[in-house]
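S.K.: One structure coming up, written as structure tokens, with questions to follow.
The values are calculated or read from the model by the stated rules, or taken from the named source; none is laboratory data. The model shown is predicted, which means the values in this text are computed figures rather than measured ones. Because the Cβ atoms are built from the backbone with ideal geometry, glycine has one as well, and the counts that use them run over all protein chains shown. Quick note on the areas: whole protein, heavy atoms, side chains included, nothing else; ligands and nucleic acids left out. Shrake-Rupley method; radii C 1.70, N 1.55, O 1.52, S 1.80 Å.
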Amino acid sequence: MARNKPLAPTTMTAAAGMPAPEAGDIAQLVEDLDGMLSRLRLGAIREQLDGLLEEAARRQLNLREALAWLCAAEVASKEQRRLSMAMTIAHFPFVRTLEGFEFEAQPSIDPAKIRDLATCRWVANGDNLVLLGPPGVGKTHLEVALGREAVSRGYTVQFTTAMELLGSLVKGQQQGSLEVRLAQYSKPKLLIVDELGYLPLEPEAGHLFFQLISRRYEQGSVLISSNRPVEEWDEVFGDQVVAAAILDRLLHHSHVVTIRGDSYRLREKRRSGLFRPRAGGTLPALPSNEEGNKSSRLN
């Protein structure tokens, strides 16, 4: 029986088992390079190839080093796109960072505690975080900043207000799509619920919120802020039993940060002279009519 004729050594590479390119093949490969990079979804390398190769030559990189340089550029580009998409999906209302938080203006907050929370170990463990304090003390700022830290570490995050969340669940119940909405809010690793307790809730809202917290219990983390202490959540939900059941699950594996201090927004108004502090207290008082008229005339 005739044996197959062995391939010439010059037509096969030892490493990959693919034909060794001739001079003409190299020219064709270079011509097809853009298409091959697109097919491999190496968009950053394709778009920056000339500049990257020039930089590699300037640094006198060998072939392996140049390849690593190109791959690093691709990885960085893909990570940036991932972050951008994840931030969009999270629906943060604005950009806030921990670096931009004025810890000196809120001495009741332990900066070391917040920086530890920024490591997101609590998110990895499925723990919850509750931020309590009056309006304007930076709760939402911390929520967004910690949420962005979670996104940067690869966790899925969704930001919503309590009214938006509970309104969506109530609507889902009315339309027969409650299960779909519960699944939607159960999916992200971290669910951020802002401003619980600021406005009255629908009568059935507490029962629906309990269903969501029960579903996420020990499965995903919840970061929730409220202007009401937990002792008053029975008033928030209008049902002492439901409030107790929610807190039982929410606080089982949790971190609680209580912020005491003045509102950032009112502090700025006070500096401008619009508010003046009441005698013996820290709450602002409205300006007198005479002061108000002066302010109107100046504006």
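S.K.: Here are some residues: T119, T97. Which one is farther than 25 Å from L165 by Cα and at pLDDT 95 or above? Full working, then the answer.
M.R.: Values: T97 fails: farther than 25 Å from L165 by Cα.
After applying the criteria, what remains is T119.
S.K.: Among all residue pairs at least 6 apart or on different chains, which show Cβ distances below 6 Å where the first residue, located in the stretch 80-103, is over 25 Å from I259 (Cα atoms) and touching a residue at least 12 places away in the same chain (Cβ under 8 Å) and the second is open to solvent by 40 Å² or more (accessible area, probe 1.4 Å) and of a type in the set (S, T, Y)?
M.R.: Partner pairs satisfying both residue conditions: none exist.
S.K.: Go through (1) modelled with pLDDT of 95 or more; (2) assigned to a helix (DSSP H, G or I); (3) under 20 Å from V137 (Cβ atoms); (4) not basic (K, R) for L208 and report which single condition fails.
M.R.: Evaluating L208 over (1) modelled with pLDDT of 95 or more; (2) assigned to a helix (DSSP H, G or I); (3) under 20 Å from V137 (Cβ atoms); (4) not basic (K, R) leaves (3) as the failure.
S.K.: Now, a different point. Among V144, V137, which is the only one that is in contact (Cβ under 8 Å) with a residue 40 or more places away in the chain, in contact with a Gly (Cβ under 6 Å, 6 or more places away or on another chain) and farther than 21 Å from R249 by Cβ?
M.R.: Numbers: V144 fails: in contact with a Gly (Cβ under 6 Å, 6 or more places away or on another chain).
Being in contact (Cβ under 8 Å) with a residue 40 or more places away in the chain, in contact with a Gly (Cβ under 6 Å, 6 or more places away or on another chain) and farther than 21 Å from R249 by Cβ holds for just one of V144, V137, which is V137.
S.K.: Is the stretch 242-260 home to any residue that is under 26 Å from I109 (Cβ atoms) and of a type in the set (S, T, N, Q)?
M.R.: yes
S.K.: Just to be sure I understand, how many residues within the stretch 1-50 are assigned to a loop (DSSP other than H, G, I, E, B), more than 19 Å from L67 (Cβ to Cβ) and modelled with pLDDT of 50 or more? So that I can check it myself, show each step before the final result.
M.R.: From the stretch 1-50, those assigned to a loop (DSSP other than H, G, I, E, B) are 1-8, 12-22, 40-42; that's our starting set.
Narrowing the set further to residues that are more than 19 Å from L67 (Cβ to Cβ) leaves 1-8, 12, 17, 19, 22.
The next check asks that each one be modelled with pLDDT of 50 or more; those that pass are 17, 19, 22.
Total meeting the criteria: 3.
S.K.: From the residues in the stretch 218-241 that are in contact with a Phe, Trp or Tyr (Cβ under 8 Å, 6 or more places away or on another chain) and crowded, with 19+ Cβ neighbours inside 10 Å, which one is nearest to S108 (Cα to Cα)?
M.R.: Narrowing the stretch 218-241 to residues in contact with a Phe, Trp or Tyr (Cβ under 8 Å, 6 or more places away or on another chain): 221, 226-227, 237.
Among the residues that remain, those that are also crowded, with 19+ Cβ neighbours inside 10 Å are: 221, 226, 237.
On the way: S221: 24, S226: 16, F237: 28 Å.
Here the answer is S226.
S.K.: Considering only the stretch 164-174, I want to know if a residue exists there that is touching a strand residue (DSSP E or B) at 6+ places or on another chain (Cβ under 7 Å) and either modelled with pLDDT of 95 or more or not charged (D, E, K, R) (or both). Walk me through it before giving the result.
M.R.: First, pick out the residues of the stretch 164-174 that are touching a strand residue (DSSP E or B) at 6+ places or on another chain (Cβ under 7 Å): 165.
Applying the additional criterion that residues be either modelled with pLDDT of 95 or more or not charged (D, E, K, R) (or both) yields 165.
Checked the stretch 164-174: at least one residue is touching a strand residue (DSSP E or B) at 6+ places or on another chain (Cβ under 7 Å) and either modelled with pLDDT of 95 or more or not charged (D, E, K, R) (or both).
S.K.: Another question, then. Criterion first (of a type outside the set (D, E, K, R) and surrounded by fewer than 16 Cβ atoms within 10 Å (Cβ to Cβ)) does L117 satisfy it? So that I can check it myself, show each step before the final result.
M.R.: Working: of a type outside the set (D, E, K, R): yes; surrounded by fewer than 16 Cβ atoms within 10 Å (Cβ to Cβ): no.
Judged against the criteria, L117 is not a match.
S.K.: Tally up the residues in the stretch 51-108 that are part of a loop (DSSP other than H, G, I, E, B), open to solvent by 60 Å² or more (accessible area, probe 1.4 Å) and over 30 Å from G136 (Cα atoms), please. Talk me through it step by step, then tell me what you get.
M.R.: Initial filter on the stretch 51-108 (part of a loop (DSSP other than H, G, I, E, B)): 59-62, 91-102, 106-108.
Filter once more, so that each one left must be open to solvent by 60 Å² or more (accessible area, probe 1.4 Å): 59-60, 62, 91, 93-96, 99, 102, 107.
With the extra rule that they be over 30 Å from G136 (Cα atoms), the set shrinks to 59-60, 62.
Number satisfying all stated conditions: 3.
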